[in-house]
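**Student:** Can you keep this structure in mind? I'll have questions shortly.
The values are calculated or read from the model by the stated rules, or taken from the named source; none is laboratory data. Given the structure is predicted, the values throughout are model-derived calculations rather than measurements. Using ideal geometry, Cβ is built from the backbone for each residue, glycine included, and neighbour counts are taken over all protein chains shown.
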Amino acid sequence: MDPAAPTPRERLAAAGLRTTVQRVAVLQVIERREHLDADQIRDRVTGQIGKVSTQAVYDVLKALSEAGLLRKIQPAGSSALYELRVADNHHHLICRSCRKILDVDCAHGAAPCIEPDDDHGFVLDEAEVIYWGLCADCAHVSSALPQN
């Protein structure tokens, strides 16, 4: 974690949100490991501050996402996942085997960084791209398996 990065309390204050134990805990959990779903976040928050309801976690995630403190992504076949990297239009690499997710910068310039052939009059501000494949570890294991 970057020591110069704002603390969860500072992030909440800058966004004009009340500082609650649950909000701080959610931000701390996501700082330690991004791309978690609500259940994973709830489990880690519970381990950190004690019992917290799933609904409370969903309410916090909604408030933090609406305030621009979190980005929600929802890859095909996955629950919504949350991350702190919100100030850009980056994309994701996802391993089909172990489901590891990594951020990758846009391939071409600023948001939306890719444009459709016909935007049908839409004013575009974001493009979401997910690259699917095997991470290096899974590809190595796969290549080491005997082929029939």
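**Student:** Among (1) modelled with pLDDT of 90 or more; (2) surrounded by 10 or more Cβ atoms within 10 Å (Cβ to Cβ), there is one condition Ala111 misses while meeting the rest; what is its number?
**Tutor:** Failed condition: (1).
**Student:** I would also like to ask the following. Taking Ile130 as the residue in question, decide whether it is closer than 21 Å to Leu12 by Cα and either touching a residue at least 40 places away in the same chain (Cβ under 8 Å) or assigned by TED's automatic domain parsing to the domain that holds Arg33 (or both). So that I can check it myself, show each step before the final result.
**Tutor:** Values: closer than 21 Å to Leu12 by Cα: no; either touching a residue at least 40 places away in the same chain (Cβ under 8 Å) or assigned by TED's automatic domain parsing to the domain that holds Arg33 (or both): yes.
Taking the combined requirement at face value, the residue does not satisfy it.
**Student:** Out of Ala63, Ala15, Ala76, I need the residue that is out of contact with any Lys or Arg (no Cβ under 9 Å at 6 or more places or on another chain), at pLDDT 95 or above and closer than 24 Å to Glu126 by Cα. Which one? Steps first, answer last, please.
**Tutor:** Working: Ala63 fails: out of contact with any Lys or Arg (no Cβ under 9 Å at 6 or more places or on another chain); Ala76 fails: at pLDDT 95 or above.
Only one candidate qualifies: Ala15.
**Student:** Quick one: is Ile94 surrounded by 14 or more Cβ atoms within 10 Å (Cβ to Cβ) and not assigned by TED's automatic domain parsing to the domain that holds Glu34? Spell out the reasoning first.
**Tutor:** Working: surrounded by 14 or more Cβ atoms within 10 Å (Cβ to Cβ): yes; not assigned by TED's automatic domain parsing to the domain that holds Glu34: yes.
The answer is yes for Ile94.
**Student:** Exactly one condition in (1) of a type in the set (Lys, Arg); (2) in a helix (DSSP H, G or I); (3) over 30 Å from Tyr131 (Cβ atoms) is false for Arg11; which is it?
**Tutor:** That leaves (3) as the condition not met.
**Student:** OK, next. Go through segment 32-51 and give me each residue that's surrounded by 13 or more Cβ atoms within 10 Å (Cβ to Cβ), at pLDDT 95 or above and not polar (S, T, N, Q).
**Tutor:** His35, Leu36, Asp37, Ala38, Ile41, Arg42, Asp43, Arg44, Val45, Ile49
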